[in-house]
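Report on one structure; see the data block that follows.
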Amino acid sequence: MAVRSFEITRRSAVLDGRPFGATGAYEKIVGVLRFGIDPTHPANQAIADIGLAPRSAEGLVEAAADFYLLRPVDPARGKRRLLLDIPNRGRKVALGMFNSTIRVPDPTTAEDFGNGFLMRHGYTVAWCGWQHDVPRQDGLLALTVPVARGENGLIGGPVLCEWRPNSRVDTLPMADRYHIAQPTADLSDPAARLTVREHAGAPAVAIARTAWRFADATHVSLAGGFEPGKIYELVYRAENPPLVGLGLLAVRDTAAWLRSGSAAAGNPCAGELDHAYVIGVSQTGRFLRHLLYLGLNEDEAAGKVFDGVIAHIAGARRGEFNQRFGQPSLNATSSVGSLFPFTDASAVDRVTGKRGAQLARLEARGTVPKIVAVNTSAEYWRGDASLVHSDVEGTRDVAPHPQTRLYLFAGCQHTPGTLPPPDADPNTGSRGRHTFNVVDYAPLLRAVLMNLDRWVTDGAEPPVSAVPRLDDGTGVVAETTRATFTRIPGARFPDRVERPRRLDFGPDIDRGIVHELPPKIGAPFVSFVPSVDADGNDIPGIRPVELLVPLATFTGWNPRHPDQGVPGDLMSMLGSTLPFASTRAAREASGDPRVSIDERYGSRAAYLERAREAANTLVAQRHMLAEDVDAVVERAGRLWDFIVRA
């Protein structure tokens, strides 16, 4: 067992012992997990540079992860299910997604637990740090790892940073957001390169070395400042690469320990869990795709770890999760996250001659879990999600693996929309040309988890995959929808839609070693977006109540705000709400081709009746839970008030 010890730093009752329905009370356990990983074990050989890590006296590679657990006080009243939530950039996500609450680092109040969904249904919920460059602040969960050392001492190599500022700034950190940067090895390095692109898809233009400098080992400054909307890319040399890939083993081995570790070894869940599920959202959805691609669903004891996987809003990407000098938070299109293969089944890229499959290693080991991959319209419009289920030439659909379900949450943006929507993305400060998408897909995601559980425990097949397809015309080239959207008053169709390109990082990329940065760029892959109806709303996929009885056009894309530069490019991850006219007169006055709200529904009461019918239809299709119907209808009323009174 790779978990060597568990140090509890805090243990307390949740909400002073207040019960969550039939499950009863919960407790919170916080501490540190310490790992001792055998670098020679076959189950660990996929980890980049593991053979170059320092070893303990026992010959093990050591790491330590922050750990957080919520478990039923009386396990007999729980569900005997583990849900491991992989922290997104150190932050807990599952409570926000399933309990419909605000994400907080240390859930303490009743508001922090939202509707109590996961607790009411008896889940044991755990988090472990996996990311080495997350600072230990503000309740973020991190992983401490060693650095690799070569036989002759230090290991050096290239690092790439990418930025798109929303305002003019003179200096930028050499890391994403608040993360710990990999320092430059030489402040005066003449080989370091800074380039700029005017917009997405534009050629990179070198900035003279005399015009920029390293302000210190982890910051770069540009004379005259970095301009909003432009895309900057820095390549420099670093030393002492952390073993980034140990994060994959930390997640695997934490789940294995909670599931089968003994009480004598300090496992607080010993004997309490029958099944283990894992969810990754956005960055960590890509992390899960990478874990599956590497075949890491088997621990050192040859036991299958995860029975079920939810890879949410990951698109077709993986990431820098097992790379020398990898930056796990980097989401650049020119990173290793955009590499072939993309589909579960074996595929061939006829341009490069490469062959591969996302689940090939798991198939060979017989450890394929049940997998549900969910994407929103946003991941299709960023250019990659359709590659999960179509060939890279864009000629045919590819059937999902029998152990996989693929779903599009139609008309949704990357994360659930809120009422009212914010003026700017709270993570990045980015603003859109349009009002942000307000569709809340959390009820659909709750049904996904319950369907996955029944699939694992009872063999009950979930609803069939629902994604845009080429054979029925519901998967279309993004630019073909332009005419529909440009007819909508106030809508701004993007000038450009990006698509992943074939990338060459050098001959050792399969070992996690990059030689070419930036990579050599080849031909783009062919990708698609959902087709739309006359209103501009997505046709394929699982359509939430907001699309079944629409008050607006809801998209997964939103152009950048002109004040933040390059308004012809799309924002990252945010969608749009384009309201219908309230009345026929208002529609005709503006030239809006979409039928008005009054013409569609007549009254608020009639609209809410239609919303309830739509919600019940989703329940019958097993895409929504009956317990969510009243809340969904109540929100529909608030959406009416927001749209009609806007």
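The values are calculated or read from the model by the stated rules, or taken from the named source; none is laboratory data. Bear in mind that the values here come from a model prediction, so they are computed numbers and not experimental data. Please note: Cβ atoms are built from the backbone with ideal geometry, for glycine as well, and neighbour counts cover all protein chains shown.
Counting only residues that are part of a helix (DSSP H, G or I) and surrounded by fewer than 18 Cβ atoms within 10 Å (Cβ to Cβ), how many does segment 459-481 have?
Looking only at segment 459-481, we keep the residues that are part of a helix (DSSP H, G or I), and these are 478-481.
The next check asks that each one be surrounded by fewer than 18 Cβ atoms within 10 Å (Cβ to Cβ); those that pass are 479-480.
The total comes to 2.
Report whether or not residue 608 is assigned to a loop (DSSP other than H, G, I, E, B), of a type outside the set (Phe, Trp, Tyr), under 22 Å from residue 538 (Cα atoms) and in contact (Cβ under 8 Å) with a residue 24 or more places away in the chain.
On the way: assigned to a loop (DSSP other than H, G, I, E, B): no; of a type outside the set (Phe, Trp, Tyr): yes; under 22 Å from residue 538 (Cα atoms): yes; in contact (Cβ under 8 Å) with a residue 24 or more places away in the chain: yes.
It is false that residue 608 is assigned to a loop (DSSP other than H, G, I, E, B), of a type outside the set (Phe, Trp, Tyr), under 22 Å from residue 538 (Cα atoms) and in contact (Cβ under 8 Å) with a residue 24 or more places away in the chain.
Regarding segment 39-57, can at least one residue be identified that is among the acidic types (Asp, Glu) and under 22 Å from residue 260 (Cβ atoms)?
Taking segment 39-57 first, the residues among the acidic types (Asp, Glu) are 49.
Those left that are additionally under 22 Å from residue 260 (Cβ atoms): none.
Among the residues of segment 39-57, not one is among the acidic types (Asp, Glu) and under 22 Å from residue 260 (Cβ atoms), which makes the answer no.
Tell me whether segment 375-384 contains one or more residues that are surrounded by fewer than 24 Cβ atoms within 10 Å (Cβ to Cβ), on the phi < 0 side of the Ramachandran plot and touching a residue at least 40 places away in the same chain (Cβ under 8 Å). If you could, list the steps in order and put the result at the bottom.
Initially, segment 375-384 is screened for residues surrounded by fewer than 24 Cβ atoms within 10 Å (Cβ to Cβ), giving 384.
Adding the requirement that they be on the phi < 0 side of the Ramachandran plot leaves 384.
So of that shortlist, the ones also touching a residue at least 40 places away in the same chain (Cβ under 8 Å) come out as 384.
Checking segment 375-384: at least one residue is surrounded by fewer than 24 Cβ atoms within 10 Å (Cβ to Cβ), on the phi < 0 side of the Ramachandran plot and touching a residue at least 40 places away in the same chain (Cβ under 8 Å).
List, please: which pairs have Cβ atoms under 6 Å, are six or more places apart or on different chains, and start with a residue in segment 453-473 that is within 27 Å of residue 531 (Cα to Cα) and touching a residue at least 40 places away in the same chain (Cβ under 8 Å) and end with one that is of a type in the set (A, V, I, L, M) and surrounded by 11 or more Cβ atoms within 10 Å (Cβ to Cβ)?
Between residues of segment 453-473 that are within 27 Å of residue 531 (Cα to Cα) and touching a residue at least 40 places away in the same chain (Cβ under 8 Å) and residues that are of a type in the set (A, V, I, L, M) and surrounded by 11 or more Cβ atoms within 10 Å (Cβ to Cβ), the close pairs are 465/406; 466/542; 467/406; 467/408.
Which numbered condition trips up residue 95, out of (1) within 20 Å of residue 254 (Cα to Cα); (2) surrounded by fewer than 22 Cβ atoms within 10 Å (Cβ to Cβ); (3) of a type in the set (A, V, I, L, M, F, W, C); (4) free of Cβ contacts under 8 Å to residues at least 40 places away in the same chain?
(2)
From the list 605, 589, 626, which residue is within 25 Å of residue 532 (Cα to Cα), hydrophobic (A, V, I, L, M, F, W, C), at pLDDT 95 or above and exposed (fewer than 14 other Cβ atoms within 10 Å of the Cβ)?
Values: 605 fails: within 25 Å of residue 532 (Cα to Cα); 626 fails: within 25 Å of residue 532 (Cα to Cα).
The unique qualifying residue is 589.
Is there a residue being polar (S, T, N, Q), out of contact with any Pro (no Cβ under 8 Å at 6 or more places or on another chain) and modelled with pLDDT of 95 or more anywhere in segment 162-169? Don't jump to the end; show me each part of the working.
If we filter segment 162-169 for residues that are polar (S, T, N, Q), which is where we start, we get 166-167.
Okay, now just the ones that are also out of contact with any Pro (no Cβ under 8 Å at 6 or more places or on another chain), so none.
No, that holds for no residue.
Restricting segment 611-638 to residues that are of a type in the set (A, V, I, L, M, F, W, C) and assigned to a loop (DSSP other than H, G, I, E, B), which is farthest from residue 546 (Cα to Cα)? Don't jump to the end; show me each part of the working.
Residues of segment 611-638 of a type in the set (A, V, I, L, M, F, W, C): 611, 614-615, 618-620, 624-626, 629, 631-633, 636.
Those left that are additionally assigned to a loop (DSSP other than H, G, I, E, B): 624-625.
Details: 624: 13, 625: 16 Å.
Per the stated criteria, the residue is 625.
Given the options 86, 47, name the one that is under 26 Å from residue 174 (Cβ atoms), touching a Phe, Trp or Tyr at 6+ places or on another chain (Cβ under 8 Å) and not assigned by TED's automatic domain parsing to the domain that holds residue 175. Break it down stepwise before answering.
On the way: 47 fails: touching a Phe, Trp or Tyr at 6+ places or on another chain (Cβ under 8 Å).
Exactly one of 86, 47 is under 26 Å from residue 174 (Cβ atoms), touching a Phe, Trp or Tyr at 6+ places or on another chain (Cβ under 8 Å) and not assigned by TED's automatic domain parsing to the domain that holds residue 175, namely 86.
crowded, with 24+ Cβ neighbours inside 10 Å and either at pLDDT below 95 or out of contact with any helix residue (DSSP H, G or I) (no Cβ under 8 Å at 6 or more places or on another chain) (or both): which single residue out of 366, 319, 337 fits that description? Working first, answer last.
Working: 366 fails: crowded, with 24+ Cβ neighbours inside 10 Å; 319 fails: either at pLDDT below 95 or out of contact with any helix residue (DSSP H, G or I) (no Cβ under 8 Å at 6 or more places or on another chain) (or both).
Matching residue, one of 366, 319, 337: 337.
Considering segment 396-415 alone, what residues qualify as being of a type in the set (D, E, K, R) and in a loop (DSSP other than H, G, I, E, B)?
Taking segment 396-415 as the starting set, the residues that turn out to be of a type in the set (D, E, K, R) are 396-397, 405.
396, the sole residue that qualifies.
Quick check on this structure: which one of 11, 55 is outside any helix (DSSP H, G or I) and within 30 Å of residue 153 (Cβ to Cβ)?
Working: 11 fails: within 30 Å of residue 153 (Cβ to Cβ).
Going through 11, 55 in turn, the sole match is 55.
Anything in segment 127-153 that is more than 30 Å from residue 197 (Cα to Cα), assigned to a loop (DSSP other than H, G, I, E, B) and touching a Gly at 6+ places or on another chain (Cβ under 6 Å)? List them, or say none.
Those that are more than 30 Å from residue 197 (Cα to Cα), assigned to a loop (DSSP other than H, G, I, E, B) and touching a Gly at 6+ places or on another chain (Cβ under 6 Å): 130, 140, 141, 142.
Residue by residue, here is whether (1) in a loop (DSSP other than H, G, I, E, B); (2) touching a Cys at 6+ places or on another chain (Cβ under 7 Å); (3) touching a residue at least 24 places away in the same chain (Cβ under 8 Å); (4) over 21 Å from residue 98 (Cα atoms) holds:
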| site | (1), (2), (3), (4) |
| --- | --- |
| 237 | no, no, yes, yes |
| 256 | no, no, yes, yes |
| 273 | yes, no, yes, no |
| 296 | yes, no, yes, yes |
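Please go through segment 245-292 and give me each residue that is of a type in the set (Val, Ile, Thr) and not assigned by TED's automatic domain parsing to the domain that holds residue 34, ordered by number. Explain how you work it out, then say what you get.
We begin by selecting, within segment 245-292, every residue of a type in the set (Val, Ile, Thr); these are 251, 254, 278-279, 281, 284.
Listed by number, the residues that qualify are 278, 279, 281, 284.
When only residues in segment 63-109 that are under 13 Å from residue 28 (Cβ atoms) and among the hydroxyl-bearing types (Ser, Thr, Tyr) count, which is nearest to the chain's Cα centre (by Cα)? It would help to see each step written out before you state the result.
Filtering segment 63-109 down to residues under 13 Å from residue 28 (Cβ atoms) leaves 67-73, 92, 95, 104-109.
Then keep just the ones that are among the hydroxyl-bearing types (Ser, Thr, Tyr); that gives 68, 108-109.
Values: 68: 20, 108: 25, 109: 27 Å.
Once the filter is applied, the top-ranked residue is 68.
Would you mention how many residues in segment 385-395 are out of contact with any helix residue (DSSP H, G or I) (no Cβ under 9 Å at 6 or more places or on another chain) and either surrounded by fewer than 24 Cβ atoms within 10 Å (Cβ to Cβ) or in a strand (DSSP E or B) (or both)?
Matching residues across segment 385-395 total 4.
Among the residues in segment 145-166, are any farther than 18 Å from residue 323 by Cβ and touching a helix residue (DSSP H, G or I) at 6+ places or on another chain (Cβ under 7 Å)?
Checking segment 145-166: at least one residue is farther than 18 Å from residue 323 by Cβ and touching a helix residue (DSSP H, G or I) at 6+ places or on another chain (Cβ under 7 Å).
Here is a check on your reading of the model: is residue 393 acidic (Asp, Glu) and free of Cβ contacts under 8 Å to residues at least 60 places away in the same chain? So that I can check it myself, show each step before the final result.
Numbers: acidic (Asp, Glu): yes; free of Cβ contacts under 8 Å to residues at least 60 places away in the same chain: no.
In short, no.
Which residue pairs have Cβ atoms closer than 8 Å, lie 6 or more positions apart in sequence or on different chains, and pair a first residue in segment 34-54 that is closer than 17 Å to residue 509 by Cβ and aliphatic (A, V, I, L, M) with a second residue that is at pLDDT 95 or above and part of a strand (DSSP E or B)?
50/37; 50/61
When residues of segment 338-358 are filtered for being part of a loop (DSSP other than H, G, I, E, B) and either farther than 19 Å from residue 464 by Cβ or among the β-branched types (Val, Ile, Thr) (or both), how many remain?
Within segment 338-358, the first condition is being part of a loop (DSSP other than H, G, I, E, B), and the residues that meet it are 339-346, 350-353, 357-358.
Among the residues that remain, those that are also either farther than 19 Å from residue 464 by Cβ or among the β-branched types (Val, Ile, Thr) (or both) are: 339-343, 346, 350-353, 357-358.
Of the residues in segment 338-358, 12 are part of a loop (DSSP other than H, G, I, E, B) and either farther than 19 Å from residue 464 by Cβ or among the β-branched types (Val, Ile, Thr) (or both).
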